[in-house]
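Below is one structure; the comments refer to it alone.
The values are calculated or read from the model by the stated rules, or taken from the named source; none is laboratory data. Everything numeric here is computed off the predicted structure, so don't read it as measured data. In this analysis, Cβ positions are derived from the backbone assuming ideal geometry, glycine residues included, and neighbour counts consider all displayed protein chains. Ligands, DNA and RNA are excluded from the accessible area calculation, which covers all protein heavy atoms including side chains. Shrake-Rupley method; radii C 1.70, N 1.55, O 1.52, S 1.80 Å.
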Amino acid sequence: MAESGAMPVRATKRGEERTPLDGAHDVLICGASFAGLAVARELAGSGADVMVLDRYEIGERQTSACGIPTEWLRAAGLIEAERQRFDSLVLHTPHGISRYRLPWTFSTFDYRELCQLLWRDCDARFETAKVNGRARSANGDGALAVETDRGVLSAPLVVDALGWRRVLASGDGFQPPDAPLSRGLEVHPGGSNEDLAVWIDRRYVPAGYGWSFPAHDELRIGVGSFDPRFHVRETTELLASDLGRDRVRYQGNWIPHKLRPATEGGVFFAGDSAGHCLPLTAEGIRTALYFGIALGRELRGVVEGRQDRERAAARYAEFNDSHEWKFRWMLRVQRLVPRIPPRLLGPLIRLLGAKRFVKWSFDHYLRIAPPGFAASAHDQNGAREEQDDAEHPSWRQPDLV
């Protein structure tokens with residue numbers, strides 16, 4: 001019988017350690033995963049009083065297969081967290097197997113280590129607390145109040161990086177299984193493999209895909225369904241069984257596949273709370289870092305007196321919305337794939353595997369959130385580059401070489 005897999009053990013404060021939490025800060029960041037930490041990192045050295053909140057300790061609770069283009073790890077100074085690198089992608093269908101040589105490499109990484117590397121470069125404070133929602137502000141200075149299970153905190157600049165629930169929004173009925181969310185589940189057996197592999201096979205999921213992401217001495221095997229009504233536990237276990245791997249250390253999550261407003265009611269949203277997860281591929285780590293960096297730069301402009309909160313909100317919303325057409329087209333492809341007759345899927349994938357098409361499509365895909373965007377934040381010595389706000393907007397995407 002397969003093991004059921006242990007759930008993550010919370011290392012958060014308990015009992016007497018959970019002292020009341022209150023006070024005012026310059027910036028309040030709710031959520032300490034990729035997006036939230038990217039925002040905090042961009043604010044380092046600004047002199048702002050930044051408080052970061054999360055239910056779990058930093059790096060405690062992995063929620064994805066943890067894969068990203070290698071160049072993003074390099075550009076963001078996070079290459080130490082890399083576990084394995086791949087220069088090709090293997091696609092499995094019921095009618096054949098195709099291997100695509102990638103124009104750039106892809107890496108799996110250690111979640112805890114990457115989060116700790118991001119936090120190492122921050123000068124913010126951190127507390128474990130569950131964010132419950134907005135609270136009524138105690139004064140009229142423009143600060144926003146946030147209620148947690150340890151008390152109420154406030155700040156004029158508040159970030160929601162808490163995930164798809166969008167806790168600090170007014171509420172839009174965005175709930176599964178009716179919301180535009182994909183459903184994903186994976187297991188983490190020990191073992192090794194050289195192939196970064198994807199399965200497009202309706203035996204595992206009618207609309208979606210399966211995957212195996214090796215990470216040195218661990219395999220991350222899972223199934224994602226574009227249809228949130230399709231439960232993926234049985235088919236995740238089926239894929240693991242077909243690969244001869246143990247079904248251990250389960251990890252699952254809802255995955256947004258639609259872009260959402262980046263600001264609401266004075267709050268800034270980043271990562272899954274803003275739908276910053278690419279449709280079709282469900283890649284959300286690179287985009288969480290990307291939009292988190294962009295938001296951090298805008299908030300830094302407020303802290304340093306170069307713009308007010310309203311201007312930062314308008315610029316960040318503009319940046320977010322400028323990507324809408326890219327997300328929309330990927331969502332159209334996501335909806336098209338399940339309609340392709342199975343007998344045509346294998347030949348189509350082989351046809352699309354032409355070297356010129358692979359390079360064209362993957363390079364365009366990388367440009368949605370280019371690694372140069374992360375590298376442009378710091379010079380070779382790690383010091384922040386000064387940018388003229390009028391001539392060089394902080395959110396402008398650099399050309400990808």
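Points worth noting:
- Extreme residue, most open to solvent (accessible area, probe 1.4 Å), among residues of the stretch 56-83 that are farther than 16 Å from W119 by Cα and of a type in the set (K, R): R74
- Residues within the stretch 103-112 that are in a strand (DSSP E or B) and open to solvent by less than 20 Å² (accessible area, probe 1.4 Å), tallied: 3
- Look at (1) under 30 Å from I221 (Cα atoms); (2) without any contact (Cβ under 8 Å) to a residue 60 or more places away in the chain and you find that R136 fails only one, number (1).
- The number of residues in the stretch 210-269 that are among the β-branched types (V, I, T), in contact (Cβ under 8 Å) with a residue 40 or more places away in the chain and touching a helix residue (DSSP H, G or I) at 6+ places or on another chain (Cβ under 8 Å) comes to 2.
- Flag for V302 being touching a strand residue (DSSP E or B) at 6+ places or on another chain (Cβ under 8 Å), assigned to a loop (DSSP other than H, G, I, E, B), among the hydrophobic types (A, V, I, L, M, F, W, C) and over 21 Å from R335 (Cα atoms): no
- Qualifying residue in the stretch 203-221 (condition: in contact with a Phe, Trp or Tyr (Cβ under 6 Å, 6 or more places away or on another chain), among the aliphatic types (A, V, I, L, M) and surrounded by 22 or more Cβ atoms within 10 Å (Cβ to Cβ)): no
- Within the option set A294, A274, being closer than 20 Å to W329 by Cα, among the hydrophobic types (A, V, I, L, M, F, W, C) and either out of contact with any Gly (no Cβ under 9 Å at 6 or more places or on another chain) or open to solvent by 10 Å² or more (accessible area, probe 1.4 Å) (or both) holds for one residue only, A274.
- Top-ranked residue in the stretch 84-102 [being modelled with pLDDT under 95 and open to solvent by 30 Å² or more (accessible area, probe 1.4 Å); ranked as nearest to V167 (Cα to Cα)]: H92
- Scanning the stretch 56-100 for residues that are of a type in the set (K, R) and over 17 Å from the mean Cα position of the chain (by Cα) returns R74, R83, R85, R99.
- Taking the stretch 206-229 as the range and being in a loop (DSSP other than H, G, I, E, B) and either at pLDDT 95 or above or farther than 20 Å from I255 by Cα (or both) as the test, the residues that pass are A215, H216, D217.
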